[in-house]
Amino acid sequence: MTRNIAVVGSGYMGGGIAQVLALAGARVALADTTAEIAQKSYQRLIAESRDFVSDGLFPEGATEILVKNLWAAPSLAEAVANADFIEEAVPEVLAIKHDILGQISAIARPDAIIASNTSTISIGAIATAVVNPGRFLGVHFSNPSPFVPGVEIIPHAGTDEATVQAARVIVHEAGKSTAVVKDVTGFVLNRLQYALFHEATQLVEDGTATAEDIDTLVRTTFGFRLPFFGPFAIADMAGLDVYDFCYKSLQTGFPERFATPKILTDLVSAGKLGTKTGSGFLDVPAERIPELIAYRNKAYVLMQKLIEDLGPAPIK
C-alpha cells in the first residue's frame, strides 16, 4: 500500500525531504503558506531533479518518479487530511511551529504520525501544540537531505514507542540511517558539531593555526576516518589507555576543558582498553581485529582515491 505523506514547509530542507520520501515510493504532498508557493517549490524540485539525474546524483527515471509521487497541495488541509505521516519543516521559530502544528493536528487523522524537522528546539516544547502528543516526535534530516544519509529520531517524554518505531520504518524505507536520541538541548548531531567548531574557533583566536590549516587537518586526519568509524570505534582502535594518557597530557595546558571522562577512566581501570583487549566501548571480539584492520585500510585508500578523483573543493 502506498504511503501518503505531507511535508509542510516547501523550502530548501522541506523540499529535499519531500524528494527523498517521494523517490522511496510514497505519495508526498507539498504544503506551504500559499498554493502558489507550494506550486513553485514543486516546479523547482522537478527541475532540480533533472539536473541531479544529468549529474549522476539521482538515478535514471528519478524525475518521472517525482512527477508521479510528488504534488503541490492547494492548502494545508488538503495536504494533511489523508496523510499517514506529516513532516513539519517551517522556520525555526517556536511560535510559528506551534501555530502550524496546532493547525496540522486539528486536521490530521487521529492516527497520523506528526514530526518536526527542527535541529535546535526542544521536541517537548513543540509538542504542547499537538493534539495527542504521543504521536509526535522529531525527525531531523541533515542538509542536503537528498544526499546526507543520517537522520536523528527524537522522541519527547510522552512519545509512544510505536510512533518511534513507525517513524524509523518510514525513514529506513527512504534509504536513510536512523539514530534515536533523547530530547536534550542540541540533541546529538549539533552538540558534537558545535563542540568541534567551538574548539576550532578557539585555536584560531589564540593564534595556534589559521582557519585554512585547521580545515586541512580535520579533513586529512581524524575527519578522514569519520565516514567509516564514529568516535567510540576510533577510540577503541587507538586504545583507551592511549586516550587516557592523552587526556592527562592535554590537562597540563587545559585542565578544565580536557578533564578525563569518567566512563573512560572506569573502562581503563577495568582493563577494558578497546580492540586490543576485545572489550571497550564497542566490545569488538579480538578474533575480528585482522578483518577490522583490513577493512579500515581499504576504506582509507578508497577514500583517498575518491578525493583525488573529485579534486579539491571549489572554496577558493
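Here are a few things to note about the model shown:
- Maximal additional length on extending the A77-E308 stretch stands at 78.2 nm, based on 0.36 nm per residue less the C-alpha distance.
- Of the beta bridges in the chain, as assigned by DSSP with both residues counted there, near 20 percent are antiparallel.
- Pairs of Cα atoms nearer than 8 Å and 6+ residues apart set the relative contact order; for the chain it is 11 percent.
- Placing dummy labels 7 Å off each Cα toward the beta-carbon, the span from D213 to T260 is 3.0 nm.
- Scaling the Cα radius of gyration of the chain by the globular reference 2.2 N^0.38 Å produces a ratio of 1.15.
- Efficiency of FRET between C246 and V93 - r from beta-carbon atoms, R0 41 angstrom, step 0.05: 0.45
- Folded to 0 to 90 degrees: helix 240-251 orientation relative to the chain principal axis, Cα: 90 degrees
- When shorter helices are ignored and each DSSP H run of at least 4 residues is given -39500 (n - 2.57), the per-residue value for the chain at 222 nm works out to -15500 deg cm²/dmol.
- Degrees, to the nearest 10: 289-310 long Cα axis against longest axis of the chain: 60 degrees
- Take the Cα of A47, step 7 Å toward its Cβ, do the same at V131, and the gap between the two points is 3.9 nm.
- Under 11 Å, Cβ to Cβ, from T260 - net charge with Lys/Arg +1 and Asp/Glu -1: 0
- Taking the Cα centre of the chain as origin and assigning +1 to Lys and Arg Cβ atoms and -1 to Asp and Glu Cβ atoms, the resulting dipole is close to 400 debye.
- The DSSP beta bridges internal to the stretch 4-180 are antiparallel in roughly 20% of cases.
- Contact order for the stretch 221-310, expressed relative to its length and based on alpha carbon pairs under 8 Å spaced 6+ residues apart, stands at 28 percent.
- Diffusion coefficient of the stretch 45-164 by Stokes-Einstein, Kirkwood radius over Cα pairs, 25 °C, 0.890 mPa s: 157 µm²/s.
- Put simply, the Cα atoms of the stretch 221-310 extend 43, 33, 14 Å along their principal axes, the longest span coming first.
Throughout, read-outs are computed from the coordinates displayed, never taken from laboratory work. Everything quoted here is computed from the prediction, not taken from an experiment. Reconstructed Cβ throughout: ideal geometry from the backbone, glycine too, with neighbour counts over all protein chains shown.
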